[in-house]
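Below is one structure; the comments refer to it alone.
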Amino acid sequence: MHEILVIETATNPEAGTVELDYWANDICMHPSGEYLYVTFGNSMEFSVVDLTENRVIELLPAGSEQPHDICPHPSGDAFYIVNGNSDQVSVLR
């Protein structure tokens, strides 16, 4: 099992861990600070992590094989994912 360590940035204590099924390629925070998005190089999916519960709440299709980098649109309504095998960027809404 693989984990993400969650740190409370205001005071720096460990706030918990989140278990993942795969090694994380990239992690990006939602503009609201409520969610993390995690891509996996050996999967065609990415995870949505709820930071209030410290758990994966959704596993979503990444749009292509080997998603590497992920970034939410500033509005939080879309994602940009760089895909390793296709050299393309997926835009997911």
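The values are calculated or read from the model by the stated rules, or taken from the named source; none is laboratory data. Predicted model only: the values in this text are computed from it and were never measured. As a convention, Cβ positions derive from the backbone with ideal geometry for all residues, glycine included, and neighbour counts pool all protein chains shown. With ligands, DNA and RNA removed, areas are computed over all heavy atoms of the protein, side chains included. Shrake-Rupley method; radii C 1.70, N 1.55, O 1.52, S 1.80 Å.
Where the accessible area of the chain is counted over protein heavy atoms with a 1.4 Å probe, how much of it, in %, is carbon and sulfur?
C and S fraction of accessible area: 48 percent.
Pull out the extension gain between Glu3 and Leu20, defined as 0.36 nm times the separation in residues minus the alpha carbon to alpha carbon distance; nm, one decimal. Could the numbers behind the result be given before it?
On the way: separation 17, 0.36 × 17 = 6.12 nm, distance 0.56 nm.
My answer for the length gained is 5.6 nm.
Only loop residues by DSSP count here, and only those with at most 13 other Cβ atoms within 10 Å; note down the chymotrypsin sites (Phe, Trp or Tyr not before Pro) in the range 23-86 that meet that.
Working: sites: Trp23, Tyr35, Tyr37, Phe40, Phe46, Phe79, Tyr80; in loops: Trp23, Phe40.
Listed in order of number, the matching sites are Trp23.
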Next item on the list: Taking the Cα centre of the range 26-93 as origin, work out the dipole magnitude from +1 charges on Lys and Arg Cβ and -1 charges on Asp and Glu Cβ, in debye rounded to 20.
Entry: 40 debye
Item checked: Cα radius of gyration and Dmax for the chain (Å) -> 13.0, 41
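Would you mind counting up the charge near Glu45? Only other residues with Cβ under 10 Å from its Cβ, with Lys and Arg at +1 and Asp and Glu at -1.
Details: positive: none; negative: Asp21, Glu58.
That sum, taken over residues with Cβ under 10 Å, equals -2.
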Check: For the range 1-42, list residues with backbone N below 14 Å from a point placed 7 Å from the Cα of His73 toward its Cβ?
Finding: 31
Check: Once the Cβ-Cβ distance between Thr11 and Val89 is put in as r, and R0 is 30 Å, what FRET efficiency do you end up with, to the nearest 0.05?
Finding: 0.25
Next item on the list: Could you tell me which GluC sites (Glu not before Pro) in the chain are loop residues by DSSP with no more than 15 other beta carbons within 10 angstrom of their beta carbon?
Entry: Glu8, Glu34, Glu53, Glu65
